[in-house]
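First up is the structure itself, then whatever we jot down about it.
The values are calculated or read from the model by the stated rules, or taken from the named source; none is laboratory data. Predicted, not measured: the structure shown is a model, and the values here were computed from it. Please note: Cβ atoms are built from the backbone with ideal geometry, for glycine as well, and neighbour counts cover all protein chains shown. Surface accessibility is based on the protein's heavy atoms, side chains included, excluding ligands, DNA and RNA. Shrake-Rupley method; radii C 1.70, N 1.55, O 1.52, S 1.80 Å.
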Amino acid sequence: MFDVQGPEAARVAEWSWLLFGVAGLVFVVVLALIGFALLRRRRGGALHDQLPQAQERKWFTFVLIAGGIVPAVVLSTVMGVNVYSERTVAAEAERPAVTVEVIGHQWWWEMFYPGAGFTTANEIHVPVGQRVELKLTSADVIHSFWVPQLSPKYDLIPGQTNTLTFTADHVGIYRGQCAELCGTQHAHMAFLVVVDSAQDYAAWTARQRQPAPNPTANTAAFEGQQLFQGSACVYCHAVRGTTASSRLGPDLTHIASRMALGAGTLVNNRGNLSGWIVNAQAVKPGNKMPPMYLSSGELESLVAYLETLR
Ligand code: CUA
(Lines give C-alpha, C1' and ligand atoms only; values in the text may rest on other atoms or scores of the structure.)
Protein backbone atom coordinates (compact mmCIF):
# COMPACT_ATOMS: atom_id res chain seq x y z
CA MET A 1 0.00 0.00 0.00
CA PHE A 2 3.05 2.27 0.17
CA ASP A 3 3.86 1.52 -3.46
CA VAL A 4 0.71 2.88 -5.06
CA GLN A 5 0.06 2.34 -8.75
CA GLY A 6 -3.17 4.23 -9.33
CA PRO A 7 -5.04 7.40 -8.31
CA GLU A 8 -7.58 5.69 -6.04
CA ALA A 9 -4.86 3.81 -4.18
CA ALA A 10 -2.88 7.07 -3.93
CA ARG A 11 -5.83 8.71 -2.24
CA VAL A 12 -6.07 5.88 0.26
CA ALA A 13 -2.35 6.21 0.98
CA GLU A 14 -2.64 10.00 1.50
CA TRP A 15 -5.55 9.39 3.79
CA SER A 16 -3.63 6.74 5.76
CA TRP A 17 -0.65 9.05 6.23
CA LEU A 18 -2.93 11.85 7.39
CA LEU A 19 -4.60 9.54 9.89
CA PHE A 20 -1.21 8.25 11.03
CA GLY A 21 0.04 11.83 11.50
CA VAL A 22 -3.00 12.95 13.47
CA ALA A 23 -3.00 9.79 15.61
CA GLY A 24 0.75 10.14 16.19
CA LEU A 25 0.33 13.73 17.32
CA VAL A 26 -2.49 12.81 19.71
CA PHE A 27 -0.36 9.93 21.05
CA VAL A 28 2.58 12.23 21.79
CA VAL A 29 0.40 14.87 23.46
CA VAL A 30 -1.36 12.27 25.63
CA LEU A 31 1.96 10.72 26.67
CA ALA A 32 3.33 14.16 27.55
CA LEU A 33 0.28 14.87 29.69
CA ILE A 34 0.57 11.52 31.48
CA GLY A 35 4.25 12.24 32.17
CA PHE A 36 3.39 15.68 33.42
CA ALA A 37 0.71 14.27 35.74
CA LEU A 38 3.03 11.63 37.17
CA LEU A 39 5.86 14.08 37.89
CA ARG A 40 3.51 16.62 39.33
CA ARG A 41 1.93 14.20 41.79
CA ARG A 42 5.30 13.05 43.05
CA ARG A 43 6.21 16.62 43.90
CA GLY A 44 2.82 17.34 45.49
CA GLY A 45 1.37 16.43 48.88
CA ALA A 46 -0.70 13.46 50.05
CA LEU A 47 -2.72 11.38 47.58
CA HIS A 48 -6.21 12.38 48.67
CA ASP A 49 -5.65 16.05 49.37
CA GLN A 50 -8.66 18.17 48.52
CA LEU A 51 -7.82 20.81 45.90
CA PRO A 52 -8.88 24.36 46.53
CA GLN A 53 -12.15 25.09 44.75
CA ALA A 54 -10.70 27.59 42.27
CA GLN A 55 -8.08 25.10 41.13
CA GLU A 56 -10.63 22.32 40.89
CA ARG A 57 -12.70 24.40 38.49
CA LYS A 58 -9.59 25.09 36.41
CA TRP A 59 -8.92 21.36 36.07
CA PHE A 60 -12.54 20.64 35.29
CA THR A 61 -12.38 23.11 32.38
CA PHE A 62 -9.14 21.53 31.20
CA VAL A 63 -10.64 18.01 31.23
CA LEU A 64 -13.74 19.26 29.42
CA ILE A 65 -11.68 20.88 26.64
CA ALA A 66 -8.91 18.28 26.31
CA GLY A 67 -11.14 15.27 26.81
CA GLY A 68 -14.29 16.38 24.99
CA ILE A 69 -13.94 19.36 22.71
CA VAL A 70 -10.48 18.67 21.27
CA PRO A 71 -11.23 15.02 20.35
CA ALA A 72 -14.59 16.07 18.86
CA VAL A 73 -12.87 18.69 16.67
CA VAL A 74 -10.04 16.33 15.63
CA LEU A 75 -12.38 13.43 14.80
CA SER A 76 -14.88 15.63 12.93
CA THR A 77 -12.08 17.12 10.83
CA VAL A 78 -10.70 13.69 10.01
CA MET A 79 -14.19 12.43 9.14
CA GLY A 80 -14.77 15.47 6.94
CA VAL A 81 -11.59 14.78 4.98
CA ASN A 82 -12.61 11.13 4.62
CA VAL A 83 -16.11 11.94 3.34
CA TYR A 84 -14.64 14.53 0.96
CA SER A 85 -12.07 12.14 -0.52
CA GLU A 86 -14.65 9.35 -0.89
CA ARG A 87 -16.91 11.79 -2.73
CA THR A 88 -14.09 12.78 -5.05
CA VAL A 89 -13.38 9.13 -5.87
CA ALA A 90 -17.08 8.49 -6.48
CA ALA A 91 -17.42 11.58 -8.71
CA GLU A 92 -14.44 10.56 -10.83
CA ALA A 93 -15.86 7.08 -11.16
CA GLU A 94 -18.83 7.92 -13.32
CA ARG A 95 -17.96 6.15 -16.54
CA PRO A 96 -16.05 2.92 -16.11
CA ALA A 97 -14.47 1.28 -19.17
CA VAL A 98 -14.80 -2.21 -17.74
CA THR A 99 -17.21 -3.73 -15.26
CA VAL A 100 -16.49 -6.97 -13.43
CA GLU A 101 -18.90 -8.71 -11.09
CA VAL A 102 -17.01 -10.29 -8.23
CA ILE A 103 -18.62 -12.91 -5.99
CA GLY A 104 -16.75 -14.00 -2.89
CA HIS A 105 -16.84 -17.67 -1.90
CA GLN A 106 -15.16 -19.56 0.93
CA TRP A 107 -12.32 -19.37 -0.25
CA TRP A 108 -12.08 -18.23 -3.82
CA TRP A 109 -13.26 -15.48 -6.15
CA GLU A 110 -15.80 -15.84 -8.94
CA MET A 111 -15.31 -13.11 -11.55
CA PHE A 112 -17.87 -12.42 -14.25
CA TYR A 113 -17.43 -9.98 -17.15
CA PRO A 114 -21.04 -9.00 -17.98
CA GLY A 115 -20.00 -7.04 -21.09
CA ALA A 116 -18.17 -9.96 -22.64
CA GLY A 117 -20.22 -12.73 -21.04
CA PHE A 118 -17.57 -15.00 -19.55
CA THR A 119 -16.68 -16.10 -16.05
CA THR A 120 -13.23 -16.64 -14.63
CA ALA A 121 -11.82 -17.25 -11.16
CA ASN A 122 -9.17 -15.75 -8.91
CA GLU A 123 -7.61 -13.70 -11.71
CA ILE A 124 -8.88 -10.67 -13.58
CA HIS A 125 -7.34 -8.76 -16.42
CA VAL A 126 -7.97 -5.03 -16.80
CA PRO A 127 -6.76 -2.46 -19.32
CA VAL A 128 -4.10 0.01 -18.19
CA GLY A 129 -5.15 3.60 -17.49
CA GLN A 130 -8.87 2.85 -17.73
CA ARG A 131 -11.40 3.04 -14.96
CA VAL A 132 -12.51 -0.39 -13.77
CA GLU A 133 -15.74 -0.86 -11.87
CA LEU A 134 -16.28 -3.84 -9.63
CA LYS A 135 -19.66 -5.00 -8.39
CA LEU A 136 -18.94 -6.88 -5.22
CA THR A 137 -21.12 -9.39 -3.45
CA SER A 138 -20.76 -12.68 -1.59
CA ALA A 139 -22.27 -16.16 -1.82
CA ASP A 140 -21.68 -17.01 1.84
CA VAL A 141 -19.97 -14.86 4.47
CA ILE A 142 -18.43 -11.38 4.41
CA HIS A 143 -15.19 -11.15 2.45
CA SER A 144 -13.19 -8.06 1.52
CA PHE A 145 -11.60 -7.14 -1.79
CA TRP A 146 -8.23 -5.45 -1.50
CA VAL A 147 -5.41 -4.86 -3.95
CA PRO A 148 -3.10 -2.70 -1.81
CA GLN A 149 -1.32 -1.12 -4.79
CA LEU A 150 -4.46 -0.38 -6.77
CA SER A 151 -7.67 -0.14 -4.81
CA PRO A 152 -9.33 0.84 -1.59
CA LYS A 153 -10.60 -2.05 0.52
CA TYR A 154 -14.29 -2.91 0.07
CA ASP A 155 -16.40 -5.60 1.70
CA LEU A 156 -18.30 -8.28 -0.20
CA ILE A 157 -21.55 -8.71 1.70
CA PRO A 158 -24.17 -11.42 1.05
CA GLY A 159 -27.38 -9.94 -0.36
CA GLN A 160 -25.85 -6.55 -1.08
CA THR A 161 -23.78 -5.12 -3.94
CA ASN A 162 -20.93 -2.74 -3.23
CA THR A 163 -19.36 -0.80 -6.06
CA LEU A 164 -15.62 -0.20 -6.08
CA THR A 165 -13.65 1.53 -8.80
CA PHE A 166 -9.95 1.71 -9.45
CA THR A 167 -7.53 2.67 -12.18
CA ALA A 168 -4.10 1.14 -12.76
CA ASP A 169 -1.36 3.47 -14.01
CA HIS A 170 1.10 0.79 -15.10
CA VAL A 171 1.06 -2.57 -16.83
CA GLY A 172 1.91 -5.36 -14.38
CA ILE A 173 0.63 -8.08 -12.09
CA TYR A 174 -0.75 -7.07 -8.72
CA ARG A 175 -1.68 -9.33 -5.87
CA GLY A 176 -5.02 -8.97 -4.16
CA GLN A 177 -6.08 -10.51 -0.89
CA CYS A 178 -9.27 -11.13 1.03
CA ALA A 179 -9.10 -8.65 3.87
CA GLU A 180 -11.93 -9.84 6.10
CA LEU A 181 -11.57 -12.93 8.27
CA CYS A 182 -13.87 -15.42 6.56
CA GLY A 183 -12.93 -18.85 7.88
CA THR A 184 -9.99 -21.21 8.19
CA GLN A 185 -8.58 -20.52 4.72
CA HIS A 186 -8.99 -16.74 4.78
CA ALA A 187 -5.23 -16.38 4.31
CA HIS A 188 -5.42 -18.53 1.17
CA MET A 189 -8.01 -16.38 -0.51
CA ALA A 190 -5.84 -14.35 -2.83
CA PHE A 191 -6.23 -13.29 -6.45
CA LEU A 192 -4.30 -11.55 -9.18
CA VAL A 193 -5.07 -8.40 -11.10
CA VAL A 194 -3.23 -8.45 -14.41
CA VAL A 195 -3.00 -4.97 -15.89
CA ASP A 196 -2.64 -5.28 -19.67
CA SER A 197 -1.99 -2.84 -22.49
CA ALA A 198 -5.20 -2.09 -24.44
CA GLN A 199 -4.07 -4.54 -27.13
CA ASP A 200 -3.25 -7.40 -24.73
CA TYR A 201 -6.49 -6.81 -22.88
CA ALA A 202 -8.50 -7.10 -26.09
CA ALA A 203 -6.64 -10.30 -26.99
CA TRP A 204 -7.20 -11.79 -23.54
CA THR A 205 -10.92 -10.93 -23.62
CA ALA A 206 -11.28 -12.48 -27.07
CA ARG A 207 -9.64 -15.71 -25.85
CA GLN A 208 -11.72 -15.87 -22.68
CA ARG A 209 -14.90 -15.46 -24.71
CA GLN A 210 -14.15 -18.61 -26.68
CA PRO A 211 -15.63 -21.86 -25.39
CA ALA A 212 -13.21 -24.64 -24.51
CA PRO A 213 -11.64 -26.34 -27.55
CA ASN A 214 -12.61 -29.98 -28.12
CA PRO A 215 -9.61 -32.29 -27.90
CA THR A 216 -8.77 -34.54 -30.87
CA ALA A 217 -10.11 -38.09 -30.58
CA ASN A 218 -7.82 -40.82 -29.23
CA THR A 219 -5.46 -38.43 -27.42
CA ALA A 220 -4.83 -38.35 -23.68
CA ALA A 221 -6.67 -35.03 -23.53
CA PHE A 222 -9.68 -36.62 -25.20
CA GLU A 223 -9.72 -39.43 -22.64
CA GLY A 224 -9.34 -36.80 -19.94
CA GLN A 225 -12.38 -34.96 -21.23
CA GLN A 226 -14.44 -38.17 -21.18
CA LEU A 227 -13.29 -38.79 -17.64
CA PHE A 228 -14.06 -35.22 -16.60
CA GLN A 229 -17.57 -35.35 -18.00
CA GLY A 230 -18.27 -38.78 -16.58
CA SER A 231 -17.03 -38.08 -13.06
CA ALA A 232 -17.79 -35.94 -10.05
CA CYS A 233 -15.95 -32.94 -11.60
CA VAL A 234 -19.15 -31.80 -13.32
CA TYR A 235 -21.08 -31.54 -10.06
CA CYS A 236 -19.12 -28.43 -9.18
CA HIS A 237 -17.31 -27.09 -12.24
CA ALA A 238 -18.25 -25.59 -15.57
CA VAL A 239 -16.37 -25.83 -18.85
CA ARG A 240 -18.12 -23.71 -21.45
CA GLY A 241 -18.75 -25.60 -24.69
CA THR A 242 -19.28 -28.90 -22.83
CA THR A 243 -22.08 -30.31 -20.70
CA ALA A 244 -20.26 -29.32 -17.49
CA SER A 245 -22.08 -26.25 -16.23
CA SER A 246 -22.17 -26.21 -12.44
CA ARG A 247 -21.23 -23.02 -10.67
CA LEU A 248 -20.46 -24.40 -7.22
CA GLY A 249 -16.73 -24.29 -7.90
CA PRO A 250 -14.51 -22.21 -10.18
CA ASP A 251 -15.29 -22.11 -13.93
CA LEU A 252 -12.52 -24.11 -15.60
CA THR A 253 -13.08 -23.06 -19.23
CA HIS A 254 -9.66 -21.36 -19.36
CA ILE A 255 -8.00 -22.72 -16.24
CA ALA A 256 -4.70 -23.33 -18.03
CA SER A 257 -4.43 -19.61 -18.83
CA ARG A 258 -4.38 -18.70 -15.13
CA MET A 259 -1.21 -18.28 -13.13
CA ALA A 260 -2.31 -19.76 -9.82
CA LEU A 261 -4.43 -22.56 -8.38
CA GLY A 262 -6.57 -22.64 -5.25
CA ALA A 263 -6.98 -18.83 -5.09
CA GLY A 264 -3.31 -17.95 -5.07
CA THR A 265 -2.29 -21.02 -3.06
CA LEU A 266 -0.15 -22.77 -5.71
CA VAL A 267 1.62 -21.86 -8.92
CA ASN A 268 -0.35 -23.34 -11.82
CA ASN A 269 1.87 -26.08 -13.25
CA ARG A 270 1.40 -29.77 -14.01
CA GLY A 271 2.75 -31.06 -10.70
CA ASN A 272 0.69 -28.72 -8.54
CA LEU A 273 -2.43 -29.29 -10.61
CA SER A 274 -2.06 -33.07 -10.22
CA GLY A 275 -1.49 -32.74 -6.49
CA TRP A 276 -4.48 -30.46 -6.15
CA ILE A 277 -6.79 -32.87 -8.01
CA VAL A 278 -5.65 -35.91 -6.03
CA ASN A 279 -5.90 -34.29 -2.62
CA ALA A 280 -6.76 -30.63 -2.45
CA GLN A 281 -7.51 -31.09 1.24
CA ALA A 282 -3.84 -31.67 1.96
CA VAL A 283 -2.99 -28.34 0.32
CA LYS A 284 -5.87 -26.21 1.57
CA PRO A 285 -7.82 -28.04 4.30
CA GLY A 286 -11.51 -27.22 4.47
CA ASN A 287 -12.01 -26.15 0.86
CA LYS A 288 -14.89 -27.81 -0.98
CA MET A 289 -12.83 -29.91 -3.42
CA PRO A 290 -12.97 -33.57 -2.33
CA PRO A 291 -10.01 -35.93 -2.86
CA MET A 292 -10.22 -37.74 -6.22
CA TYR A 293 -9.34 -41.41 -6.35
CA LEU A 294 -7.76 -41.86 -9.77
CA SER A 295 -5.26 -44.26 -11.29
CA SER A 296 -2.04 -42.62 -12.47
CA GLY A 297 -3.19 -43.06 -16.08
CA GLU A 298 -6.52 -41.39 -15.36
CA LEU A 299 -4.81 -38.53 -13.57
CA GLU A 300 -2.45 -38.01 -16.49
CA SER A 301 -5.33 -37.86 -18.98
CA LEU A 302 -7.32 -35.51 -16.79
CA VAL A 303 -4.36 -33.16 -16.41
CA ALA A 304 -3.66 -33.39 -20.15
CA TYR A 305 -7.26 -32.30 -20.78
CA LEU A 306 -7.14 -29.42 -18.28
CA GLU A 307 -3.90 -28.22 -19.88
CA THR A 308 -5.75 -27.76 -23.19
CA LEU A 309 -8.10 -25.26 -21.51
CA ARG A 310 -6.02 -22.20 -22.36
CU1 CUA B 1 -12.58 -14.29 2.23
CU2 CUA B 1 -11.22 -13.71 4.06
Checklist entry - Along the charge dipole of region 84-229, which of His143, Ser85, Ile124 sits closest to the positive end, that is, farthest toward it, with unit charges on the beta carbon of Lys, Arg, Asp and Glu (+1, +1, -1, -1)? => result Ile124
Item to check | Karplus-derived HN-Hα couplings along region 153-160 (A = 6.51, B = -1.76, C = 1.60, θ = phi - 60°), whole Hz, x at Gly and Pro | outcome: 9, 10, 6, 9, 10, x, x, 9
Checklist entry - When all C-alpha to C-alpha distances in region 201-252 are sorted into bins of 5 Å, what percent of pairs does each bin hold, rounded to whole numbers? => result 5, 19, 24, 23, 17, 10, 3
Item to check | the chain, relative contact order [Cα under 8 Å, separation at least 6], % | outcome: 16
Checklist outcome for this item: With every protein chain kept in place and a 1.4 Å probe, the residues Tyr84, Tyr154, Tyr174, Tyr293 fall, from largest accessible area down, as Tyr293, Tyr84, Tyr154, Tyr174
Checklist entry - Whole number please: convex hull volume per residue of the Cα set in region 238-310, in Å³? => result 91
Checklist entry - Based only on Cα atoms, what Rg/Rh ratio does the chain have, Rh being taken as Kirkwood's radius? => result 1.19
Item to check | With all protein chains modelled, accessible area of Ile34 [1.4 Å, Å²] | outcome: 80
Checklist entry - Of all DSSP beta bridges located in the chain, what percent are antiparallel, nearest 5? => result 70
Checklist entry - Amide H to amide H, which residues 5 or more places from Tyr154 or on other chains are under 5 Å from it, using H placed in the peptide plane? => result Phe145
Checklist entry - Ranked by accessible surface with a 1.4 Å probe, highest first, in what order do Arg175, Arg40 come? => result Arg175, Arg40
Checklist entry - Just how much of Val128 is accessible, in Å², when a 1.4 Å probe is used and the result is rounded to the nearest 10? => result 40
Checklist entry - With all protein chains present and a 1.4 Å probe, how do Lys153, Lys284 order by accessible area, largest first? => result Lys153, Lys284
Next on the checklist: If I compute solvent accessible area with a 1.4 Å probe over the protein chains, what percent of it on the chain is carbon and sulfur?
Outcome noted: 61
Item to check | Dipole of the chain [Lys/Arg +1, Asp/Glu -1 at C-beta], most positive-end residue of Leu309, Ala168, Cys178 | outcome: Cys178
Item to check | Solvent-accessible heavy-atom area per residue, rounded to whole Å², over the chain at 1.4 Å | outcome: 55
Checklist entry - If you place +1 on the Cβ of every Lys and Arg and -1 on the Cβ of every Asp and Glu, how big does the dipole about the Cα centre of the chain come out, in debye to the nearest 20? => result 960
Next on the checklist: Tell me which of Pro71, Asn287, Ala32 sits at the most positive position along the dipole axis of the chain, charges placed on C-beta atoms (Lys, Arg +1; Asp, Glu -1).
Outcome noted: Ala32
Item to check | Relative contact order (percent, whole number), region 98-242, Cα cutoff 8 Å, 6+ residue spacing | outcome: 22
Next on the checklist: Could you tell me the center-to-center distance, by alpha carbons, between region 111-142 and region 18-39 in angstrom?
Outcome noted: 44
Next on the checklist: Using a 7 Å offset from the Cα along the Cα-to-Cβ direction at both Met1 and Ile65, what is the distance between the two label points in nm, to one decimal?
Outcome noted: 3.5
Checklist entry - Amide H to amide H, which residues 5 or more places from Met189 or on other chains are under 5 Å from it, using H placed in the peptide plane? => result Cys178
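Calculated from DSSP H runs of 4 or more alone, at -39500 (n - 2.57) each and per residue, what is the 222 nm mean residue ellipticity of the chain, nearest 500?
-13500 deg cm²/dmol
So if I place +1 on the C-beta of Lys and Arg and -1 on the C-beta of Asp and Glu, and nothing else carries charge, what would the dipole magnitude of region 58-199 be about its Cα centre? I want it in debye, nearest 20.
My answer is approximately 480 debye.
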